[in-house]
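Read-outs: derived from the displayed coordinates by stated rules, not from any lab. Everything numeric here is computed off the predicted structure, so don't read it as measured data.
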Amino acid sequence: MAVLVLKAMGTPPAESGIFEIHTDEFEGYQYENPRARPNKILMSLFAADRGLEFQFFPKYQGASANVSQADINRILRTIHKVGPYPPINQASARPR
């Protein structure tokens, strides 16, 4: 029971729905339906060796505030893995 409570606490709010995402390289979830005009749409993608998260803010008063499902699908079609990541160079990670 405790595991279910923790899982519920870690799930983003999604009053208009949670949708599964499947691409050739990633799987994940989209939280919220753009047609419902939520404050935020979250897209979490996972692979065995990496993960991605996208956030869209349809009610933001910017130049490209309106996000449609077609826009999100277009982003999904363009995401591809790029080779393995090299280890972080400790010298470049230090603040100057």
Checklist entry - Residue separation times 0.36 nm, minus the C-alpha to C-alpha distance between Q55 and T78: what's the value? => result 6.7 nm
Checklist entry - Per Stokes-Einstein, at 10 °C and 1.306 mPa s, what whole-number D in µm² s⁻¹ belongs to region 13-79, with the Kirkwood radius over Cα pairs as the hydrodynamic radius? => result 129
